[in-house]
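J.: Quick one: the structure is below, and I'll ask about it shortly.
The values are calculated or read from the model by the stated rules, or taken from the named source; none is laboratory data. Since the model is a prediction, treat every value here as computed from it, not as a measurement. We place every Cβ from the backbone using ideal geometry, glycine too, and count neighbours over all the protein chains shown.
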Amino acid sequence: MPRKKRSEAFAEKSQRNRSQRSDRISRNKKRELRRKKYRRRRIISLIAFVLILLSPLFIYQKFINTPQRSINKAVEAIKDLDYDEQNKYFDKIVKVEDVLKESYSTNKKEQEEFLKANFKNLHVLVKDKKKTKDGLEVDVEVSNVCYIDVFDNLKKDRLHKTFIKELSDEKQEKKTVRAKLLLDKKLSYYKIYESRDFVNGILGGALKYSENEK
């Protein structure tokens with residue numbers, strides 16, 4: 001077999017080297033493509049995991065943590081005389097109740113019975129809402145019995161027991177007023193800032209008598 005020329009041998013060696021380099025480059029590209037695909041899969045999986053974690057929070061904030069829900073909880077706290085919950089949901093309603101019960105009686109048991117009877121027929125319904133720079137402004141319809149009217153209608157028999165029975169009666173005439181509330185959204189509820197009209201509503205329109213006395 002004739003001996004190859006030096007130039008031919010060099011050319012063959014160069015070709016083999018190029019082929020090997022090409023194979024290495026091809027393998028490196030494949031590895032890089034596999035890494036990129038793996039990274040993409042990890043990112044997509046991470047995003048999907050985060051979305052799954054956040055979806056219950058989104059659903060809660062969108063469909064469960066509503067103004068009406070917080071107002072219902074707040075009204076329930078008023079009816080139950082749960083002052084911790086009232087302070088959580090309301091700004092000043094506890095102070096209103098303090099003035100109300102102290103003006104009625106100095107006896108703590110009678111005070112408690114009076115407040116429970118007074119708020120037994122209380123209902124608050126959200127009618128409209130809009131966002132403002134100060135928070136969520138909510139238009140509500142407030143219905144309750146006016147304790148002053150009930151007391152006046154008793155005429156002669158104005159004993160505490162009789163008054164409480166009549167005041168808590170679901171058949172009593174209820175006064176309905178419209179009022180605005182300012183709501184500040186928290187993570188799991190709305191903080192409620194009362195207006196004078198709202199206070200008048202939960203008292204069954206009783207503030208008109210204080211205005212008449214001025």
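J.: Filter region 131-148 down to the residues that are at pLDDT 95 or above and of a type in the set (D, E, K, R), then identify the one that is nearest to Leu100 (Cα to Cα).
T.: By that ranking, first place goes to Glu141.
J.: Please specify each residue of region 167-192 satisfying the condition of being assigned to a loop (DSSP other than H, G, I, E, B) and either modelled with pLDDT of 95 or more or closer than 23 Å to Gly205 by Cβ (or both).
T.: Listed by number, the residues that qualify are Ser168, Asp169, Glu170, Lys171, Gln172, Glu173.
J.: Quick test of your reading of the structure: Leu154 fulfils all but one of (1) touching a His at 6+ places or on another chain (Cβ under 8 Å); (2) more than 30 Å from Ser188 (Cα to Cα); (3) among the aliphatic types (A, V, I, L, M). Name the failing condition by number.
T.: Failed condition: (1).
J.: Is it the case that some residue within region 96-115 is modelled with pLDDT of 95 or more, touching a Lys or Arg at 6+ places or on another chain (Cβ under 8 Å) and within 25 Å of Ser188 (Cβ to Cβ)?
T.: No, that holds for no residue.
J.: Out of all the residues in region 94-138, which are within 13 Å of Ile71 (Cβ to Cβ) and in contact with a Leu (Cβ under 8 Å, 6 or more places away or on another chain)?
T.: Listed by number, the residues that qualify are Lys129, Leu136, Val138.
J.: Name the single residue, out of those in region 65-120 being among the hydrophobic types (A, V, I, L, M, F, W, C) and more than 22 Å from Tyr193 (Cβ to Cβ), that is farthest from the chain's Cα centre (by Cα).
T.: Phe114
J.: Now, a different point. Just give me the residues in region 142-162 being without any contact (Cβ under 8 Å) to a residue 40 or more places away in the chain and in contact with a helix residue (DSSP H, G or I) (Cβ under 8 Å, 6 or more places away or on another chain), in sequence order.
T.: Hits for region 142-162 are Val150, Phe151, Asn153, Leu154, Arg158, Thr162.
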